[in-house]
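Computed from the coordinates by the stated procedures, all read-outs in this text should not be read as laboratory data. These numbers were taken from a predicted model, which means no experiment stands behind them. As a convention, Cβ positions derive from the backbone with ideal geometry for all residues, glycine included, and neighbour counts pool all protein chains shown.
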Amino acid sequence: MKKKLALCAILTLFFLHPGISDTDYLAWFSDPARIWGNGIEKVIEEAYRACFITRIIDGKVMNIRMPFNESNERDLLADTGWEIIDGGKGSPSALWPVIKGILDSDDFEGYVKTLGNGREQVIIFDIPGKSWRSSRDMFDIARMKAGSYRGLPHQPYVFATGRGIEETDVYNYLYCIGYAGIDCSGFVWHVLSYVARQGGLDLGYALRGSLGTTRNSNPAAYVGTSFFNSKSPQIAAVADSIKNLRPADIILFRGSNGQMAHSAIIQSINFRTGVIRYLQSTDEAPLDERGVHESFIYFDPEEPGISLSDPRLRWTQQRQAPFPGEKASPFSDDGKRYRAYKELGGGRVVRLIPLTQVINKLRKGSRE
């Protein structure tokens, strides 16, 4: 149905405006307002789309997503730690030029050629050394095929068929070699600060007292999931019944230590069809979704008072190991993760008070 609607839109535009240029047409067709109207949902979608680029690699058109990255997640067994660019808090506008430089490097070109050499092999990454190698050892290959994983957190192993590079291989390289990416709270901050700018608000300046930032410091570096769960007067708790939720609310997922371990942001809530769309950056996801991606919650439109912690909701986001063979997440989906550790408080929803007026202003153009 969606493809038919898209085709109808193309034909309508072509016949009604035969003189339209390709550039103007593409701008129209890709405008988020076509789907989301001109409200807050569109603004959040713009921030989300800033985390993707299209690039031709080895003759294939690839949609490259901003990778997830966190500096202290995999260095426990390494001799030395390493520094992720901007600590995982960089903005897409700052990170994409770095990533494009990485993809233009001679080393990446060699990586592409190796993946397309027609031979089965195991790619062994060394994250601290920012290097990789290919093993064609028959035992390495056999172990990977049999599900016997020999990699370590700082040395992931990846089986390769030799039939050419895929988008997931690009992610692996950027994650392990490039040190470029954005963590969960860094992504949420990117979206929130983008929304604020559209309403004429400097969010970093508005929160300087709570964050303890100075005039020349980067506020993103001070914003973590712990801040969203803090007792700051700039953070408001939201009862997590669906009827209380709104775009730009922050979903928090608790960890086993009682602290919040992950954050995501709501992009839209359709009370007519019963769909919540939220956005996040994580590597505990299916291989082709690692990094920044969209997720969904389905609810009964007749029950808008239902809580996010209600097991009757259907959370579609699956949680999987970042690399095949590694220890999987203890939760099969985001819903189970949100409901986890109830004795410690479970998941919760919060919103930033300084954004209230901006969001109310932007909601006037929203489309349900």
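Taking Rh as the Kirkwood radius computed over C-alpha pairs, what is the Stokes-Einstein D of the chain at 4 °C in a medium of viscosity 1.567 mPa s, expressed in µm² per second? Using the Kirkwood radius from Cα pairs, D works out to 58 µm²/s. With 0.36 nm allotted per residue and the present C-alpha distance subtracted, the residue 215-residue 142 stretch has 20.7 nm of extension available.
Ordered by the count of other Cβ atoms within 10 Å of each Cβ, fewest first, 46, 343 give 343, 46. Packing, taken as the mean count of other beta carbons within 10 Å per residue, orders the peptides 100-106, 138-144, 221-227, 353-359 from highest to lowest as 221-227, 353-359, 138-144, 100-106. The lysine pair count for segment 226-365, using Cα distances under 23 Å and pairs eight or more places apart or on different chains, is 6.
Just to check, using Stokes-Einstein with a Kirkwood Rh over alpha carbon pairs, what's the diffusion coefficient of segment 288-368 at 37 °C and 0.692 mPa s in µm²/s? Display every interim value, and only then the final one.
On the way: Rh = 15.6 Å.
Taking Rh from Cα pairs, D becomes 210 µm²/s.
Using θ = phi - 60° in the Karplus curve 6.51 cos²θ - 1.76 cosθ + 1.60, the 3J(HN,Hα) couplings for segment 123-129 round to 8, 10, 8, 10, 5, x, x Hz; x is entered for Gly and Pro.
When you count the other C-beta atoms within 10 angstrom of each residue and take the mean per peptide, 244-255, 33-44 line up highest first as 244-255, 33-44.
The mean sequence separation of alpha-carbon pairs under 8 Å and at least six residues apart, normalised by the residue count of the chain, gives a relative contact order of 19 percent.
Given N residues in segment 105-204, what is its alpha carbon radius of gyration divided by 2.2 N^0.38 Å?
Against the empirical 2.2 N^0.38 Å value, I get 1.44 for segment 105-204.
A simple rule links phi to the HN-Hα coupling: the Karplus curve 6.51 cos²θ - 1.76 cosθ + 1.60 with θ = phi - 60°, which for segment 346-352 gives x, x, 8, 10, 9, 9, 8 Hz, with x for Gly and Pro.
Based on DSSP H segments of at least four residues, each scored -39500 (n - 2.57), the chain has a per-residue ellipticity at 222 nm of -8500 deg cm²/dmol. Average projection, convex hull of the Cα set of segment 37-178: 10.3 square nanometres. Of the peptides 212-218, 234-240, 273-279, the ranking by mean beta-carbon count within 10 Å, highest at the top, reads 273-279, 234-240, 212-218.
Restricting attention to segment 37-178, lysine pairs at least eight places apart or on different chains and with alpha-carbon atoms under 19 angstrom apart total 6. Largest first, the extents of the alpha carbon coordinates of segment 226-365 on the three principal axes equal 47, 35, 28 Å.
Rounded to the nearest whole Hz, the Karplus-based 3J(HN,Hα) values (6.51 cos²θ - 1.76 cosθ + 1.60, θ = phi - 60°) of segment 291-298 follow the sequence x, 6, 7, 8, 9, 9, 10, 10, with x at glycine and proline.
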